[in-house]
1. Dipole of the range 200-336, Cα-centred, from +1 at each Lys and Arg C-beta and -1 at each Asp and Glu C-beta, to the nearest 20 debye?
2. What value does the range 164-214 have for Rg/Rh, both radii from Cα atoms and Rh as Kirkwood defines it?
3. Any chance you could run the full-extension gain for E307 through I153? It's 0.36 nm times the residue separation minus the Cα-Cα distance, nm to one decimal.
4. Ranking T42, T237, T315 by Cβ neighbours within 10 Å, fewest first, what do you get?
5. Would you please give the residues with an amide H less than 5 Å from that of T82, counting only those at least 5 places away or on a separate chain, with H modeled from the backbone geometry?
6. For the range 147-283, take the convex hull of the Cα atoms, compute a quarter of its surface area, and give me that in nm², please.
7. Can you compute the modelled spin-label distance between R39 and W273, with each label point 7 Å from Cα toward Cβ, in nm?
8. Can you compute the charge dipole magnitude of the chain about its Cα centre, using +1 on each Lys and Arg Cβ and -1 on each Asp and Glu Cβ, nothing else charged? Give it in debye, rounded to the nearest 20.
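Rule-based calculations on the coordinates, nothing more; no lab input. Source: prediction; values computed, not measured. Backbone-built Cβ (ideal geometry, glycine too); neighbour counts: all protein chains shown.
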Amino acid sequence: MNHLAVTCLCSAGGDMDDLERYQFDLNGFLHVKGILDPREVTKALSAMETLEQRFVAAINAHPKYHSLQFRMDYHYDAELGTSAYEANHGGGGPQYVVDDFLNADPAFDLFVGHPRTMEYIRELTEAPFRIVSSELRYRHRGNITGTHMGGPIDRRNRYTFVTDPSPNRGGNARRHFDLLAVRVLYALHDVPVENGPLCVVPGSHKANFQSPYGGDPVQEPGMVPLPMEAGDALFFTENLRHGGFPNLVDRVRKTVHLCFAPAWVGSQSPAHWNGDVFVTQSAWTRYSDEQRALLPPPMSPSERHPEQLSLKRLTAEMAELTRENQKLKEALARNTRPTSMLQRLLGR
Ligand SMILES: O=C(O)CCC(=O)C(=O)O
């Protein structure tokens, strides 16, 4: 399939228009050109590049903790307020994912309540919404991001609409997006196909079955790469089947990823699964009231201590085991029928 045929290249400027609404609904994503201005791109890229060595050098160092979900092994940087892990799907080069990066440098403050981005978010999800995950991704040569999502996997990705009951409103005016998880991916440099862009199966957000294909995005029929230019953003529903095409070149692919959801929806980042993102006191101090409304208040450093996080993980595992145990007991009780008197007399 020619990927250009399904990519809506829209220019950011004003609220979402009818073409963008139609394309987003049809495909599950929207490619918005030049949403960041060149100064914003330079500022964010330079901070991302400056921090890279620090993240990579410490990735296996202590303090570490296991993620609340999926068993990622995070390094926690208490000074920056970030949690980073290394992923290596498919055996190629590494990918470094840095959670809670907004804390790490005031240069990233521009992503908290970025006005042109918020025009889309306001339309796609219900207020009061919040940032439920924030990641930097550094993807090296040979790396892929394994394919995930698509179809009925997690209710927190729900892709639905509400219809305005007013009889005076007709056609499109009666329909509103009501999504629970909207991701935004910003390109900080050009990301052509060979540099490993995000790839998606257009329309898969409406699938009713889970995909029978595995995690290799290149092997999945219908998967298309979405090349970008510096300053572009891709908005997509988390329900869309997506991954990262292989990075075939030496340039590390550097992108910024945010996820927005209504305030009552828990985070899907493995670092704070079902909970809140982590905000440091110093980041909080920098933010305006409008920016603070998009984030939970800062946690005390002791709550974020790796020992506390490991304890949280163990408590969650124990609760899961208790639930499993209970289910097994109930199944056993259902399958164990009382023996009759005759069976007992016959010794059976
Ligand atoms: O860009 C990629 O390689 C994958 C990104 C992704 O999985 C996400 O943002 O949810």
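1. For this selection, approximately 260 debye.
2. 1.14
3. 52.4 nm
4. The order, fewest Cβ neighbours first, is T315, T42, T237.
5. D77
6. Result: 11.4 nm².
7. With each label placed 7 Å out from Cα toward Cβ, I get 4.3 nm.
8. 1600
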